[in-house]
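Working notes, beginning with the structure itself.
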Amino acid sequence: MMQQFYPTVSHNYQFELNKDMHFSAAHFIPSEDAGKCKVMHGHTYHLNITIGGNQLDSIGFLIDFKLLKELIHKKYDHSVLNDHPEFANKFPTTELLAQQVWQSIQTMLQATINRPNCLQVIVRETPTSYVVYRPRQEDLL
Ligand SMILES: Nc1nc2c(c(=O)[nH]1)N=C([C@H](O)[C@H](O)COP(=O)(O)OP(=O)(O)OP(=O)(O)O)CN2
Ligand SMILES: [Zn+2]
């Protein structure tokens with residue numbers, strides 16, 4: 001799990017939920033500029049996902065923690081990131097993976113009754129490298 005610090009996102013929602021998860025995956029960055037990352041290699045990716053909202057569902061959840069894990073872990077664990085359709089025309093960099101995770105989660109959240117927003121996705125690729133993705137205000141409902 002991500003046990004370092006968590007960059008925070010400022011917002012005015014009454015409820016903020018955070019979910020940590022991790023998955024193992026392989027990737028490669030097929031560019032001359034990517035150096036050793038041109039060659040397929042693996043990571044244990046560590047994620048922190050932040051959801052905000054003012055409305056809870058009928059049982060008092062902003063979103064069920066397990067739905068977040070199911071969506072992302074099932075899709076990417078023990079896979080080759082380059083093989084996923086969302087990376088057919090772009091490379092699975094940490095930045096673009098974080099953006100894609102945000103898009104998947106936000107789409108799922110907007111199909112719920114209480115429609116919370118995904119405010120931040122942190123993807124740690126190695127012990128020394130991570131990316132924080134935050135949507136623009138106009139990307140949120
Ligand atoms: N901006 C980005 N830079 C790099 C990415 C990326 O996704 N976005 N990815 C890689 C490689 O895929 C690599 O897996 C990670 O590289 P790096 O952090 O350099 O890994 P090291 O273990 O060699 O780093 P140390 O500084 O030795 O800990 C490269 N760049
Ligand atoms: Zn890598």
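Taken together, the values in this text are just the output of simple stated rules run on the coordinates, not laboratory data. In this text, all values refer to a predicted model and were calculated from it rather than measured experimentally. In this analysis, Cβ positions are derived from the backbone assuming ideal geometry, glycine residues included, and neighbour counts consider all displayed protein chains.
Some values worked out for this structure:
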| quantity | calculated |
| --- | --- |
| Helix 94-109 axis, angle to the chain major axis (alpha carbon atoms, nearest 10°) | 30 degrees |
| Helix 65-76 vs. the chain, principal-axis angle (Cα, 0 to 90°, nearest 10) | 20 degrees |
| Against the rule of thumb 2.2 N^0.38 Å, how large the Cα Rg of the stretch 1-130 comes out | 1.11 |
| Student exercise, the chain dipole from Lys, Arg, Asp, Glu Cβ charges, in Debye to nearest 20 | 120 debye |
| Value of relative contact order over the stretch 1-73, rounded to a whole percent, pairs C-alpha under 8 Å and six or more apart | 35 percent |
| Estimated inter-spin distance, MET40 and GLN55, nm [label 7 Å along Cα→Cβ] | 4.5 nm |
| For the stretch 1-65, Kirkwood radius (reciprocal of mean inverse C-alpha pair distance, Å) | 14.9 Å |
| Mean Cα-pair separation over length for the stretch 100-141, i.e. relative contact order, pairs under 8 Å, 6 or more apart, % | 31 percent |
| Percent RCO, i.e. relative contact order, over the chain, from Cα pairs under 8 Å lying at least 6 residues apart | 27 percent |
| Convex hull volume per residue for the stretch 26-99, taking Cα atoms only, in Å³ | 112 Å³ |
| CD proxy at 222 nm, helix term only [per DSSP H run n ≥ 4: -39500 (n - 2.57); per residue of the chain; nearest 500] | -6500 deg cm²/dmol |
